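> Here it is: the structure, laid out below.
The values are calculated or read from the model by the stated rules, or taken from the named source; none is laboratory data. This one's a predicted model, so the numbers in the text were calculated from it and none came from an experiment. All Cβ positions, even for glycine, are placed from backbone atoms using ideal geometry, and neighbour counts span all protein chains on display. Surface areas here come from the heavy atoms of the whole protein model, side chains and all, with no ligands, DNA or RNA. Shrake-Rupley method; radii C 1.70, N 1.55, O 1.52, S 1.80 Å.
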Amino acid sequence: MMRSAASKLARDSVRRAVGSVGGGSSFAPATAHLARRFSSGPSDLPSEVDVAIVGGGVTGASILYNLGLNGLGSSSAIFEKATLTSGATWHAAGLVTYYHGGNNFKFWHQEGVELYKKWQNEEGLELSFNQPGSMRLIQNEDRLKEAHYTLSKSKLYQGLFNGPEMHLISPEEAQRYHPLINTEGIIAALWTEGDGHIDPSSVTQTYASKAKALGGKIYEHSEVVGLTAQPDGSWEVLLQLPDGKTHTVKAKKVVNCAGLWAERIGNFAGVHTPCTVIQHQYVITEAIPEVKAYHAEHGHQLPVIRDLEGSYYLRDEGDGMLIGPYEGEDVMELAPKEWKGTMPPELTYHLFEGDVDRLEESMEAATNLVPLLETVGIKTVLNGPTCWPADGNHLVGPSHEKPNYWNACAESYGIAHGAGLGRYLVHWMLQGEPPYELIEADPARYGAWATSDWVSDKVKEAYGWNNKTAHFNENRPRARPIICEDRPQGDIVKELQSRGAQLGFSHGWETPNWFHSEAKDLKNEMATFSRPAYWETAVKSECDQILDHAGLCYWPFAHYRITGEGAPEFLSRLIANKLPAVGRVGLGHLITPSGKVWSELTFVRLADNDFYVTGYSGYQLHDLRWMKEHLKADEKVNIEDITSNRAVIFINGPKAEEIVAKVLDSPVDLARTEFKAFQFRKLPMAGSEVIAVRMSFIGEHGLELHCERDQVAKLYQKLHEADPKLGDWGGSAMNSFRIEKSVPLFGKDITKDHNALEAGLDRFIKFDKGDFVGRDALVAIKEAGLKRKLVQMEVMVGDDKVDCVGNESIRCPETNKVVGFTTSGVYGCLTKKSLALGYVYGPERWVGGTKLKVDILGKKYDIQVLEKAPMAPAAVRDRQAAKAAAAAAAA
């Protein structure tokens, strides 16, 4: 039926529409001429500005507006090569929603909806902002589980951060909201009141108008053709004017808001900008009488629909409908190869030729859902360029390569995110830290390994999977593994795969999640919302192996060498803990000015002024940038990023030292009584020098072996050869061990959303050591008292194979009020308990034995705060066993 319907949905009229709109034509929307009203014109270009914003789309206009709100409008300017909105903004579908399935991106969405609503409803500005609400259709059990998790997270944000409401509704309720849909196959829907869509050009012009009123300047037809970093940290911005003349502006800061031309601008500055231009299509139907009648009867539009299984969104457009498919990863198209990831500068208001064949599956799904679509033709097929990074999550924040250069580009959802993004970036710019955690949008998540070819391949997956079910243990395999100079991992990846490793991905590195019994890559086959099938078999076996004998884990980290006469003072100023003595190892946390936790690092003090520093792989450039930003000009400190040259193997278990001893080139006493906790030794192993560190993230006896990157596969093999009983373990076993021992993980349980005291880092904060970044804020927090605290909990799941994963709502059993949230969770393979870590509000609830409730996939479970971890570290167990043995002997 739908195959024939495709022609009725007007294959002929689609062809006609493609011919009238596509073909690489460049035409401006009706509102484009309004942009000229805000141009100060090339004649009054400034010679200096505080902030130079490159690009006049919705993002640039929002940032200028937010700078104005903070008193910097008169010293900030947009430089736009053509006219406002002439890149990707003008042709955007304009969806603006409260809904977001992630975490703090929710703030951006909420800010946008509420700001635009205020402008239109209270200030009377015409933005064509329609708020009919939205529905996400649910057609199978996995989608229902995903919806329940999303709903629990929504209740968390609603209960604790004044977030919007969201409701799970029945098919009958869905049809009452949208009487034109066919509910066959629909089992439920997620309903969000207030979602809708806006005219992108109107909202951009409103930002521009308000920014101008706050003193901001907008210079159209002023193309940035050069960026030169100056010794004092400022920038020379070279402009090309329509008459061929050039003009130079000195700027204290530059913000790349160039959208489709973001990579080009980055190249001018010598800043890596890993994004690429892709094609996104939508179609607009001819008028539908029933849609028109609904508008007349109800006075508002029909709700926006997202059919995730059909992979498209659908909304009213005039008296017709707009259908926006997300094509599959093997169907979607990038910009032409000759563009090399960035749109040619001479193009504005550009569109690609529409390609109806790529839309067929989604269009058939749409006609199934709304049968009336079979009766109408297509007025427009619009295939517009848009710019995405490899994972679809924007590039927002300062560059790690050049000071005072900021990215605010590659916005896959620029209209929805414009308001929140502008406030977020300006806050970071002025306060020295972002207002909340959004590491997933930080440009520092990409290094040199994210080449143009890799981004162009990986982005197909991000776009093609946009509407796929997002399982908890999802594993996206495309464009992996990365093997290059910046990520020299081919040998260790091959070694791990030969042993059955199921690999994950972190900042370009492959990470072993768990080990299968066969050397077989399962890719995403095991994706689930329940406890994974391999957990109580393969992962438990890995844990048992460590407890009974020993196991190996290769794990990528970030590595730095920090040396120089000023190194001790510099590092002491950066971390809250005291630095370790020479020959010892210490943990230190980078604290933000507001007392939040920026990062966690391990310091091996090789000599008085020589530190080998290890951090998390996903934060390699994030932490490097922080160190560079806080280095004073006159400090004699050298910071070297040696990540690509170093590697780490964990060996843990009662036999760990015995096995290491077999691989030594010359004897070294590895006894725990001689080689004590938080010490290190340089060991000659398998022909190379290894820094062995006596510490353990999982709380089991063993060593961290830090070696040269080109030796890691060889060392891994030699250790296995030394003891055939030696096992392998990965990140899943790591999580089981660390949560059983109540060890929080930076990046999950501790982030920029949490201050160091509520995160339980008291023992790593030395207020008496002198000043350090964030000290004053922590003193104030300590004096005021904590409102919430990180606690460990046991979840009473019974026979259900479910566990917390993070961001589940924790509730008071008496009132059902949200009083906290989980940050991570796991089934403890050794304790056989479902465990979680999370933040709970109210000191009365931090007491061991406190009973609460937690939402897991639509069901409320009892959860109890634990006074102590259910499993003690190995060293503690040893002492307890020795004490018990002594008592037994005495008896």
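> Can you pull out every residue in the range 570-607 that is without any contact (Cβ under 8 Å) to a residue 60 or more places away in the chain and open to solvent by less than 10 Å² (accessible area, probe 1.4 Å)?
Leu571, Leu601, Phe603
> Can you find a residue that is open to solvent by 40 Å² or more (accessible area, probe 1.4 Å), under 30 Å from Asp142 (Cα atoms), out of contact with any Lys or Arg (no Cβ under 7 Å at 6 or more places or on another chain) and of a type in the set (Gly, Ala, Ser) anywhere in the range 842-861?
So far as the range 842-861 goes, yes, one or more of its residues are open to solvent by 40 Å² or more (accessible area, probe 1.4 Å), under 30 Å from Asp142 (Cα atoms), out of contact with any Lys or Arg (no Cβ under 7 Å at 6 or more places or on another chain) and of a type in the set (Gly, Ala, Ser).
> Next question. Got a sec? Which of Arg775, Arg788 is farther than 19 Å from Ser599 by Cβ, of a type outside the set (A, V, I, L, M), touching a strand residue (DSSP E or B) at 6+ places or on another chain (Cβ under 8 Å) and open to solvent by 10 Å² or more (accessible area, probe 1.4 Å)?
Arg788
> When the range 804-819 is examined, which residues are found to be surrounded by 23 or more Cβ atoms within 10 Å (Cβ to Cβ) and under 22 Å from the mean Cα position of the chain (by Cα)?
Cys804, Glu808, Ser809
> Name the one entry in Ala733, Ala759, Ala713 that is touching a Phe, Trp or Tyr at 6+ places or on another chain (Cβ under 9 Å), open to solvent by less than 10 Å² (accessible area, probe 1.4 Å), part of a loop (DSSP other than H, G, I, E, B) and hydrophobic (A, V, I, L, M, F, W, C).
Ala759 is the lone residue from the list that is touching a Phe, Trp or Tyr at 6+ places or on another chain (Cβ under 9 Å), open to solvent by less than 10 Å² (accessible area, probe 1.4 Å), part of a loop (DSSP other than H, G, I, E, B) and hydrophobic (A, V, I, L, M, F, W, C).
> Let me ask something additional. Which residues, counting only those in the range 692-710, are assigned to a strand (DSSP E or B), surrounded by 20 or more Cβ atoms within 10 Å (Cβ to Cβ) and touching a residue at least 40 places away in the same chain (Cβ under 8 Å)?
Val693, Gly702, Leu703, Glu704, Leu705, His706, Cys707
> Report those strands (runs of 3 or more DSSP E) wholly inside the range 167-229 carrying at least 2 residues which are under 30 Å from Glu401 (Cα atoms).
Output list reads 217-219, 223-229.
> Under 7 Å by Cβ, and 6 or more places apart or on different chains, what pairs join a residue from the range 373-396 that is closer than 12 Å to Gly320 by Cβ and of a type outside the set (A, V, I, L, M, F, W, C) with one that is outside any strand (DSSP E or B) and modelled with pLDDT under 95?
Gly377/Ala10; Gly377/Ser13; Lys379/Ala17; Thr380/Ala17; Thr380/Val21
> Only one residue in Gly653, Gly615 is on the phi > 0 side of the Ramachandran plot, touching a helix residue (DSSP H, G or I) at 6+ places or on another chain (Cβ under 7 Å), at pLDDT 95 or above and surrounded by 21 or more Cβ atoms within 10 Å (Cβ to Cβ). Which one?
On inspection, the qualifying residue turns out to be Gly653.
> Within the range 241-260, how many residues turn out to be open to solvent by 60 Å² or more (accessible area, probe 1.4 Å) and either outside any strand (DSSP E or B) or touching a residue at least 40 places away in the same chain (Cβ under 8 Å) (or both)?
6
Yes or no, residue by residue, for (1) open to solvent by 10 Å² or more (accessible area, probe 1.4 Å); (2) in a loop (DSSP other than H, G, I, E, B); (3) of a type in the set (Val, Ile, Thr); (4) more than 25 Å from Ala92 (Cβ to Cβ):
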{"position": "Glu146", "(1), (2), (3), (4)": "yes, no, no, yes"}
{"position": "Tyr149", "(1), (2), (3), (4)": "yes, no, no, yes"}
{"position": "Leu156", "(1), (2), (3), (4)": "no, no, no, yes"}
{"position": "Glu165", "(1), (2), (3), (4)": "yes, yes, no, yes"}
